[in-house]
Amino acid sequence: MTMYTASSHASPATTLPREYVHKAAHSEVLLTGWHRDSVDAYTVTAQWPRTHGFYRPARQLHDPMLFVETVRQTIPLLSHVAYDVPLGHHLIWEHFSFSLAPESMRSSTAPAEPVLHVSCTEIERRRGNLAAMTLQVRAERDGQHLGTAVARFTSHSPAIYRRLRGAYGDLQQALDSARPPAPGVMAHQVGRRLHEDVVLAPTRENGRWQLRVDTQHPSLFDHPVDHAPGMLLLEAARQAAHATRSPRPVTAIAMRTRFHRYVELDAPSWIQTSPGSTPDSLSFAVEQDDAVCFSGEVTVSACAVTPQLGLIPTQRVSSPGLTRRDLVSGL
(Lines give C-alpha, C1' and ligand atoms only; values in the text may rest on other atoms or scores of the structure.)
Protein backbone atom coordinates (compact mmCIF):
# COMPACT_ATOMS: atom_id res chain seq x y z
CA MET A 1 0.00 0.00 0.00
CA THR A 2 1.35 3.43 -0.94
CA MET A 3 2.71 5.55 1.87
CA TYR A 4 1.88 9.26 1.89
CA THR A 5 4.29 11.97 2.91
CA ALA A 6 2.46 14.08 5.48
CA SER A 7 3.43 17.53 6.62
CA SER A 8 3.63 17.83 10.39
CA HIS A 9 1.81 21.17 10.09
CA ALA A 10 -1.44 20.95 8.13
CA SER A 11 -3.74 23.88 7.55
CA PRO A 12 -6.71 23.99 9.95
CA ALA A 13 -8.91 24.51 6.89
CA THR A 14 -8.08 21.07 5.50
CA THR A 15 -8.28 17.53 6.79
CA LEU A 16 -5.50 14.97 6.78
CA PRO A 17 -5.38 12.09 4.28
CA ARG A 18 -8.13 9.60 5.07
CA GLU A 19 -5.67 6.70 4.94
CA TYR A 20 -3.94 8.06 8.05
CA VAL A 21 -7.10 7.77 10.15
CA HIS A 22 -8.33 4.47 8.66
CA LYS A 23 -11.36 5.94 6.91
CA ALA A 24 -12.60 5.47 3.36
CA ALA A 25 -14.75 8.62 3.15
CA HIS A 26 -13.12 12.05 3.24
CA SER A 27 -16.22 13.35 5.03
CA GLU A 28 -15.46 11.10 8.01
CA VAL A 29 -12.02 12.64 8.65
CA LEU A 30 -12.03 14.94 11.70
CA LEU A 31 -8.31 15.67 12.10
CA THR A 32 -6.75 18.74 10.47
CA GLY A 33 -3.11 18.74 11.56
CA TRP A 34 -0.40 17.62 13.96
CA HIS A 35 3.05 18.56 15.19
CA ARG A 36 5.65 17.12 17.52
CA ASP A 37 6.15 19.03 20.77
CA SER A 38 8.94 16.89 22.21
CA VAL A 39 9.97 13.25 22.33
CA ASP A 40 6.76 11.17 22.28
CA ALA A 41 4.58 14.27 22.82
CA TYR A 42 2.35 15.73 20.10
CA THR A 43 -0.39 18.24 19.43
CA VAL A 44 -3.22 17.17 17.13
CA THR A 45 -5.87 19.56 15.81
CA ALA A 46 -9.38 18.67 14.71
CA GLN A 47 -12.57 20.24 13.44
CA TRP A 48 -16.04 19.07 14.36
CA PRO A 49 -18.80 19.93 11.89
CA ARG A 50 -21.94 21.65 13.13
CA THR A 51 -23.63 18.33 12.47
CA HIS A 52 -22.38 14.89 11.47
CA GLY A 53 -24.03 12.10 9.54
CA PHE A 54 -23.91 9.78 12.56
CA TYR A 55 -22.55 11.68 15.57
CA ARG A 56 -25.26 14.32 15.59
CA PRO A 57 -25.61 17.05 18.24
CA ALA A 58 -28.51 16.77 20.66
CA ARG A 59 -29.86 19.18 23.26
CA GLN A 60 -27.34 21.81 22.09
CA LEU A 61 -24.45 19.46 22.86
CA HIS A 62 -22.00 17.80 20.52
CA ASP A 63 -22.24 14.03 20.59
CA PRO A 64 -19.72 12.69 23.16
CA MET A 65 -18.87 9.90 20.72
CA LEU A 66 -17.54 12.57 18.37
CA PHE A 67 -14.80 13.14 20.94
CA VAL A 68 -14.20 9.39 21.10
CA GLU A 69 -13.92 9.17 17.31
CA THR A 70 -11.48 12.10 17.33
CA VAL A 71 -9.25 10.24 19.78
CA ARG A 72 -9.62 7.04 17.77
CA GLN A 73 -8.42 8.81 14.62
CA THR A 74 -5.41 10.12 16.53
CA ILE A 75 -4.20 6.56 17.16
CA PRO A 76 -3.60 5.57 13.52
CA LEU A 77 -2.46 9.09 12.63
CA LEU A 78 0.43 9.13 15.09
CA SER A 79 1.18 5.46 14.48
CA HIS A 80 1.74 6.13 10.78
CA VAL A 81 3.30 9.60 10.73
CA ALA A 82 5.30 9.56 13.96
CA TYR A 83 6.13 5.89 14.57
CA ASP A 84 6.52 4.59 11.01
CA VAL A 85 3.76 1.99 11.14
CA PRO A 86 3.08 1.06 7.49
CA LEU A 87 -0.37 1.63 6.06
CA GLY A 88 -2.19 -1.67 5.98
CA HIS A 89 -1.12 -2.73 9.48
CA HIS A 90 -3.90 -3.55 11.93
CA LEU A 91 -4.22 -1.48 15.11
CA ILE A 92 -6.13 -3.28 17.82
CA TRP A 93 -7.64 -1.74 20.95
CA GLU A 94 -6.84 -3.27 24.34
CA HIS A 95 -8.46 -0.70 26.62
CA PHE A 96 -9.96 2.75 26.31
CA SER A 97 -11.33 5.34 28.72
CA PHE A 98 -12.49 8.93 28.46
CA SER A 99 -13.97 11.71 30.56
CA LEU A 100 -15.62 14.89 29.29
CA ALA A 101 -16.35 18.36 30.63
CA PRO A 102 -19.97 18.74 29.45
CA GLU A 103 -19.92 22.54 29.47
CA SER A 104 -17.24 22.44 26.75
CA MET A 105 -19.35 20.17 24.54
CA ARG A 106 -21.94 22.83 23.70
CA SER A 107 -22.65 23.15 19.99
CA SER A 108 -22.83 26.52 18.27
CA THR A 109 -23.31 28.09 14.85
CA ALA A 110 -19.65 27.49 13.97
CA PRO A 111 -17.63 24.28 13.77
CA ALA A 112 -15.72 23.37 16.93
CA GLU A 113 -11.93 23.11 16.72
CA PRO A 114 -10.63 20.96 19.59
CA VAL A 115 -6.92 20.63 20.26
CA LEU A 116 -5.52 17.35 21.59
CA HIS A 117 -2.27 17.19 23.56
CA VAL A 118 -1.02 13.62 23.33
CA SER A 119 1.68 11.81 25.30
CA CYS A 120 2.73 8.40 23.97
CA THR A 121 3.83 6.04 26.74
CA GLU A 122 4.47 2.35 27.40
CA ILE A 123 5.92 2.01 23.92
CA GLU A 124 6.84 -1.52 22.91
CA ARG A 125 8.80 -2.44 19.81
CA ARG A 126 9.41 -5.77 18.17
CA ARG A 127 12.34 -6.05 15.76
CA GLY A 128 12.43 -2.28 15.59
CA ASN A 129 8.74 -1.94 14.72
CA LEU A 130 5.99 -0.50 16.92
CA ALA A 131 4.16 -3.36 18.63
CA ALA A 132 2.10 -1.57 21.30
CA MET A 133 1.60 1.89 22.75
CA THR A 134 -0.58 3.90 25.15
CA LEU A 135 -1.90 7.35 24.30
CA GLN A 136 -2.63 9.80 27.12
CA VAL A 137 -4.83 12.57 25.73
CA ARG A 138 -5.73 15.95 27.19
CA ALA A 139 -8.10 17.97 25.02
CA GLU A 140 -9.15 21.60 25.06
CA ARG A 141 -11.55 23.76 23.09
CA ASP A 142 -11.12 27.52 22.81
CA GLY A 143 -8.58 27.33 25.62
CA GLN A 144 -10.99 25.54 27.97
CA HIS A 145 -10.66 21.97 29.24
CA LEU A 146 -12.65 19.59 27.05
CA GLY A 147 -11.77 16.12 28.24
CA THR A 148 -9.20 13.39 28.72
CA ALA A 149 -8.72 9.93 27.28
CA VAL A 150 -6.41 6.95 27.64
CA ALA A 151 -6.07 4.37 24.86
CA ARG A 152 -3.89 1.26 24.72
CA PHE A 153 -3.47 -0.59 21.42
CA THR A 154 -1.30 -3.12 19.63
CA SER A 155 -0.03 -3.10 16.05
CA HIS A 156 0.13 -6.14 13.77
CA SER A 157 1.32 -6.72 10.23
CA PRO A 158 -1.23 -8.18 7.78
CA ALA A 159 0.45 -11.60 7.97
CA ILE A 160 0.37 -11.71 11.78
CA TYR A 161 -3.21 -10.45 11.83
CA ARG A 162 -4.29 -13.24 9.49
CA ARG A 163 -2.67 -15.79 11.80
CA LEU A 164 -4.37 -14.26 14.84
CA ARG A 165 -7.78 -14.28 13.17
CA GLY A 166 -7.56 -17.77 11.68
CA ALA A 167 -10.65 -18.62 9.64
CA TYR A 168 -12.17 -15.24 10.52
CA GLY A 169 -9.30 -13.45 8.76
CA ASP A 170 -10.94 -13.92 5.35
CA LEU A 171 -12.70 -10.57 4.97
CA GLN A 172 -15.12 -11.54 2.24
CA GLN A 173 -16.04 -14.78 3.97
CA ALA A 174 -16.66 -12.92 7.23
CA LEU A 175 -18.93 -10.41 5.49
CA ASP A 176 -20.77 -13.12 3.56
CA SER A 177 -21.51 -14.97 6.81
CA ALA A 178 -22.68 -11.86 8.69
CA ARG A 179 -26.12 -12.15 10.26
CA PRO A 180 -28.72 -9.60 9.17
CA PRO A 181 -29.38 -6.95 11.83
CA ALA A 182 -32.33 -7.69 14.08
CA PRO A 183 -35.20 -5.17 14.38
CA GLY A 184 -34.05 -2.39 16.68
CA VAL A 185 -35.54 -0.66 19.69
CA MET A 186 -37.22 2.71 19.23
CA ALA A 187 -34.60 5.29 18.29
CA HIS A 188 -35.61 7.80 20.97
CA GLN A 189 -35.05 5.17 23.69
CA VAL A 190 -31.32 5.12 22.92
CA GLY A 191 -30.80 8.81 22.26
CA ARG A 192 -31.05 8.49 18.48
CA ARG A 193 -33.18 10.16 15.82
CA LEU A 194 -32.90 7.60 13.01
CA HIS A 195 -33.75 3.92 13.19
CA GLU A 196 -30.75 2.99 11.05
CA ASP A 197 -28.43 4.40 13.75
CA VAL A 198 -29.82 2.09 16.45
CA VAL A 199 -27.38 -0.68 17.42
CA LEU A 200 -29.58 -2.45 20.01
CA ALA A 201 -32.42 -4.90 19.48
CA PRO A 202 -34.92 -5.72 22.27
CA THR A 203 -35.01 -8.95 24.26
CA ARG A 204 -37.44 -10.25 26.87
CA GLU A 205 -35.03 -9.42 29.70
CA ASN A 206 -34.71 -6.01 31.31
CA GLY A 207 -31.27 -4.50 30.88
CA ARG A 208 -30.32 -6.90 28.09
CA TRP A 209 -30.25 -6.31 24.34
CA GLN A 210 -28.98 -8.00 21.22
CA LEU A 211 -26.42 -6.05 19.22
CA ARG A 212 -27.55 -4.88 15.79
CA VAL A 213 -24.49 -5.17 13.57
CA ASP A 214 -25.28 -3.54 10.23
CA THR A 215 -22.30 -4.04 7.94
CA GLN A 216 -23.82 -1.48 5.54
CA HIS A 217 -23.79 1.38 8.06
CA PRO A 218 -21.96 4.29 6.39
CA SER A 219 -20.07 5.42 9.50
CA LEU A 220 -19.60 2.36 11.71
CA PHE A 221 -18.66 0.31 8.64
CA ASP A 222 -17.09 3.14 6.65
CA HIS A 223 -14.89 0.40 5.17
CA PRO A 224 -15.29 -3.39 5.32
CA VAL A 225 -13.90 -5.18 8.39
CA ASP A 226 -14.11 -8.82 9.49
CA HIS A 227 -15.58 -8.18 12.96
CA ALA A 228 -17.72 -5.71 14.88
CA PRO A 229 -15.65 -2.50 15.07
CA GLY A 230 -14.61 -1.02 18.39
CA MET A 231 -16.63 2.14 17.74
CA LEU A 232 -19.76 0.02 17.32
CA LEU A 233 -19.15 -1.61 20.70
CA LEU A 234 -18.61 1.77 22.35
CA GLU A 235 -21.80 3.05 20.71
CA ALA A 236 -23.66 -0.01 22.01
CA ALA A 237 -22.51 0.78 25.55
CA ARG A 238 -23.65 4.37 25.20
CA GLN A 239 -27.04 3.36 23.78
CA ALA A 240 -27.50 0.77 26.53
CA ALA A 241 -26.98 3.52 29.09
CA HIS A 242 -29.61 5.67 27.37
CA ALA A 243 -32.04 2.75 27.21
CA THR A 244 -31.54 1.95 30.89
CA ARG A 245 -32.23 5.55 31.91
CA SER A 246 -35.07 6.12 29.39
CA PRO A 247 -37.23 8.22 29.37
CA ARG A 248 -34.94 10.36 31.54
CA PRO A 249 -32.70 12.45 29.23
CA VAL A 250 -29.02 11.79 29.87
CA THR A 251 -25.68 12.17 28.14
CA ALA A 252 -22.62 9.96 28.47
CA ILE A 253 -19.76 11.90 30.04
CA ALA A 254 -17.27 9.13 30.87
CA MET A 255 -16.49 5.57 29.99
CA ARG A 256 -13.83 3.02 30.83
CA THR A 257 -13.67 -0.14 28.77
CA ARG A 258 -11.69 -3.30 28.10
CA PHE A 259 -11.61 -5.24 24.85
CA HIS A 260 -11.24 -8.96 25.59
CA ARG A 261 -11.90 -10.65 22.26
CA TYR A 262 -13.39 -10.00 18.84
CA VAL A 263 -17.14 -9.83 18.32
CA GLU A 264 -17.69 -11.90 15.20
CA LEU A 265 -20.25 -11.20 12.51
CA ASP A 266 -21.67 -14.72 12.14
CA ALA A 267 -23.19 -15.17 15.62
CA PRO A 268 -25.51 -13.11 17.83
CA SER A 269 -23.99 -10.99 20.57
CA TRP A 270 -25.62 -9.48 23.63
CA ILE A 271 -25.07 -6.53 25.93
CA GLN A 272 -26.16 -6.60 29.57
CA THR A 273 -26.16 -3.68 31.99
CA SER A 274 -26.05 -3.67 35.79
CA PRO A 275 -25.59 -1.03 38.51
CA GLY A 276 -22.19 0.63 38.40
CA SER A 277 -19.80 1.85 41.06
CA THR A 278 -21.74 5.13 41.52
CA PRO A 279 -25.43 6.09 41.21
CA ASP A 280 -24.64 7.78 37.88
CA SER A 281 -22.79 4.85 36.33
CA LEU A 282 -23.70 1.53 34.73
CA SER A 283 -21.56 -1.54 34.26
CA PHE A 284 -21.93 -3.42 31.00
CA ALA A 285 -20.66 -6.54 29.27
CA VAL A 286 -20.94 -7.71 25.67
CA GLU A 287 -21.05 -11.48 25.32
CA GLN A 288 -20.94 -13.84 22.37
CA ASP A 289 -21.08 -17.63 22.60
CA ASP A 290 -21.03 -17.34 26.43
CA ALA A 291 -17.73 -15.45 26.44
CA VAL A 292 -17.22 -11.81 27.48
CA CYS A 293 -15.88 -9.84 24.53
CA PHE A 294 -16.11 -6.25 25.79
CA SER A 295 -16.83 -4.79 29.21
CA GLY A 296 -16.65 -1.63 31.23
CA GLU A 297 -18.56 1.17 32.88
CA VAL A 298 -20.29 4.22 31.46
CA THR A 299 -21.11 7.33 33.48
CA VAL A 300 -24.06 9.49 32.49
CA SER A 301 -25.24 12.91 33.53
CA ALA A 302 -28.85 13.99 33.78
CA CYS A 303 -29.86 16.98 31.68
CA ALA A 304 -31.41 20.09 33.15
CA VAL A 305 -33.26 22.86 31.31
CA THR A 306 -31.77 26.36 31.32
CA PRO A 307 -33.43 29.29 29.52
CA GLN A 308 -30.37 30.26 27.46
CA LEU A 309 -28.69 26.96 26.74
CA GLY A 310 -31.49 24.43 26.59
CA LEU A 311 -30.74 20.99 27.99
CA ILE A 312 -27.23 20.62 29.39
CA PRO A 313 -25.65 18.13 31.79
CA THR A 314 -25.86 19.04 35.44
CA GLN A 315 -22.59 17.49 36.58
CA ARG A 316 -19.27 16.10 35.42
CA VAL A 317 -17.61 12.95 36.61
CA SER A 318 -14.02 11.92 36.04
CA SER A 319 -13.19 8.49 34.70
CA PRO A 320 -10.13 6.72 36.13
CA GLY A 321 -7.46 5.48 33.76
CA LEU A 322 -6.91 1.81 33.10
CA THR A 323 -3.79 -0.24 33.42
CA ARG A 324 -4.83 -3.78 32.54
CA ARG A 325 -3.90 -4.91 29.05
CA ASP A 326 -6.61 -6.87 27.34
CA LEU A 327 -7.56 -8.10 23.86
CA VAL A 328 -9.05 -6.69 21.41
CA SER A 329 -10.96 -4.82 18.71
CA GLY A 330 -9.88 -3.08 15.53
CA LEU A 331 -9.54 0.66 15.23
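The condition (being within 21 Å of S177 (Cα to Cα) and among the hydrophobic types (A, V, I, L, M, F, W, C)) is satisfied by just one residue among L282, L220: L220.
A quick yes/no check of all residues on (1) surrounded by fewer than 22 Cβ atoms within 10 Å (Cβ to Cβ); (2) in contact with a strand residue (DSSP E or B) (Cβ under 9 Å, 6 or more places away or on another chain); (3) at pLDDT 95 or above:
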site	(1), (2), (3)
S27	yes, no, no
S38	yes, no, yes
T43	yes, yes, yes
Q47	yes, yes, yes
R59	yes, yes, no
F67	no, yes, yes
T74	no, yes, yes
H80	no, no, yes
Y83	yes, yes, yes
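Scanning region 219-254 for residues that are in contact with a Ser or Thr (Cβ under 8 Å, 6 or more places away or on another chain), outside any helix (DSSP H, G or I) and not small (G, A, S) returns F221, P224, H227, P229, V250, T251, I253. Selection over region 95-110 of residues that are more than 21 Å from A252 (Cα to Cα) and either at pLDDT 95 or above or among the hydroxyl-bearing types (S, T, Y) (or both) gives a count of 1. The residue that is nearest to the chain's Cα centre (by Cα), among those in region 269-295 that are charged (D, E, K, R) and buried (at least 17 other Cβ atoms within 10 Å of the Cβ), is E287. Across region 194-238, the number of residues qualifying as in contact with a Cys (Cβ under 9 Å, 6 or more places away or on another chain) and of a type in the set (G, A, S) comes to 1. Here R261 fulfils each of the conditions (1) more than 27 Å from A178 (Cβ to Cβ); (2) in contact with a Cys (Cβ under 6 Å, 6 or more places away or on another chain) apart from (1).
The values are calculated or read from the model by the stated rules, or taken from the named source; none is laboratory data. Given the structure is predicted, the values throughout are model-derived calculations rather than measurements. Using ideal geometry, Cβ is built from the backbone for each residue, glycine included, and neighbour counts are taken over all protein chains shown.
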